[in-house]
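Student: Could you have a look at this structure, given as structure tokens, before my questions?
The values are calculated or read from the model by the stated rules, or taken from the named source; none is laboratory data. Since this is a predicted model, take the numbers as computed values, not measurements. Cβ sites come from the backbone with ideal geometry, for glycine too, and all protein chains shown count toward neighbours. Ligands, DNA and RNA are excluded from the accessible area calculation, which covers all protein heavy atoms including side chains. Shrake-Rupley method; radii C 1.70, N 1.55, O 1.52, S 1.80 Å.
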Amino acid sequence: MAVIDAKEILSEYRRGIEQFSESYQEIAKNYNRFTSSAFESGEVSTAQKHLTALAIGVHQGDTTCIVYHMDQCLHHGCSEDEIKEYMGVAAAFGGGESMSEAVTIGLDALQQLNDK
């Protein structure tokens, strides 16, 4: 049984971003410019940046962040082993709560989004 519906979470997130962007165009434009810049490939690849963001999401227990960055990790070619290793680092840093997020939300999102 699935813990989450990863595709629905992504859809809800994208709908929310669209609604926010309609009402707060300037804020959304500046935020999107900032985050796009932060995730551009440089000394650190875009894939590694999304792996890092995924680990932060796991540590913070942020389901939407976990699902979004899991999707981006897969989109940017991260392997299942890389993803699991980053979630393991988050769990080592964050303890039981982060491990719970990794083995429930994280693994569930990985399976659902990898089965596209």
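Student: Using the structure shown, decide if Lys29 is in contact with a Leu (Cβ under 9 Å, 6 or more places away or on another chain) and open to solvent by 50 Å² or more (accessible area, probe 1.4 Å).
Tutor: Here the answer is no, as Lys29 does not meet what is asked.
Student: Condition check: within 19 Å of Met99 (Cα to Cα), hydrophobic (A, V, I, L, M, F, W, C) and exposed (fewer than 15 other Cβ atoms within 10 Å of the Cβ). Does Ala38 satisfy that?
Tutor: The answer is no for Ala38.
Student: Still on this structure, I have one more. Please count how many residues of the stretch 46-74 are of a type in the set (Val, Ile, Thr) and over 22 Å from Asp5 (Cβ atoms).
Tutor: Number of matching residues: 3.
Student: Ok, one more. Checking Tyr68 against (1) surrounded by fewer than 16 Cβ atoms within 10 Å (Cβ to Cβ); (2) among the aromatic types (Phe, Trp, Tyr); (3) in contact (Cβ under 8 Å) with a residue 40 or more places away in the chain, which single condition isn't satisfied?
Tutor: (1)
Student: If you don't mind, another one. Test Glu101 against the criterion of being open to solvent by 70 Å² or more (accessible area, probe 1.4 Å) and of a type in the set (D, E, K, R), and give yes or no.
Tutor: Criteria not met by Glu101.
Student: Can you report the number of residues in the stretch 1-23 which are open to solvent by less than 70 Å² (accessible area, probe 1.4 Å) and part of a helix (DSSP H, G or I)?
Tutor: 7
Student: Look at Gly61 and say whether it is at positive phi and either surrounded by fewer than 19 Cβ atoms within 10 Å (Cβ to Cβ) or touching a His at 6+ places or on another chain (Cβ under 8 Å) (or both).
Tutor: So Gly61 fits the description; yes.
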